[in-house]
Amino acid sequence: GGGGGGANTLAYVVGECSEIGERDDMEDAHVVRTALGAPHGAYALFGVFDGHGGAGASKFAAKRMESTLVKVKEFPADPRKALQKAYVKVDEKYLDKMEDDGTTAVVCVVDGAARTAWVANACDSR
C-alpha cells in the first residue's frame, strides 16, 4: 500500500471501552491515533494491549508504539515490515526495564489515502 504523505481521506468513528473483569487493577491499554504526525498524516494507528501480570508492559507499548513505528526505516514504504520491527523494538526496550509483566497486542495501521490496512498481533490476541 502506497499513498503515504497526503491528507487522510477517511473519516473515523472511534469508540473505546475497557472492562476490568475479576482483577483488582486494570492491566490493559490502548492507542487511538486517527492521524499520525507529519509527514505521515495519511496514516492512522489503533492498538489494544492486554496486560499480563501488571499494567507496565501494556501501558509502555501503548505509549511507545507510534513513536517507534514512525522511526523504523521501513515506514511508510512497507507497513507490514515496519510493524514487525516496531513490535520487536518496543519489546526490547521494555525488556531493558527488567519488569516481570508482559502484554499481548493487536495493532492496526491504516493508510487512509490508499484505503489499506495492516494488522499485526503478538501472543494470543487476535
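A few points about this structure:
- Within segment 26-40, if we keep just the residues that are at pLDDT below 90 and more than 16 Å from the chain's Cα centre (by Cα), the residue that is surrounded by the fewest Cβ atoms within 10 Å (Cβ to Cβ) turns out to be A38.
- Within the option set V48, V90, V110, being within 17 Å of L10 (Cα to Cα) and surrounded by 21 or more Cβ atoms within 10 Å (Cβ to Cβ) holds for one residue only, V110.
- Residue-level analysis places E74 outside the set of residues that are at pLDDT below 95 and surrounded by fewer than 18 Cβ atoms within 10 Å (Cβ to Cβ).
- Breaking point among (1) under 22 Å from R115 (Cβ atoms); (2) assigned to a helix (DSSP H, G or I); (3) in contact (Cβ under 8 Å) with a residue 12 or more places away in the chain, for A35: (2)
- Of the listed requirements (1) over 15 Å from A120 (Cβ atoms); (2) of a type in the set (S, T, N, Q); (3) at pLDDT 95 or above, N8 misses just one: (3).
- Test: G2 is modelled with pLDDT under 95 and open to solvent by 40 Å² or more (accessible area, probe 1.4 Å): yes
The values are calculated or read from the model by the stated rules, or taken from the named source; none is laboratory data. In this text, all values refer to a predicted model and were calculated from it rather than measured experimentally. Every residue, glycine as well, gets a Cβ built from its backbone with ideal geometry; the counts of neighbours run over all protein chains shown. When the accessible area is computed, the model is the full protein with side chains, heavy atoms only, and any ligands, DNA or RNA have been set aside. Shrake-Rupley method; radii C 1.70, N 1.55, O 1.52, S 1.80 Å.
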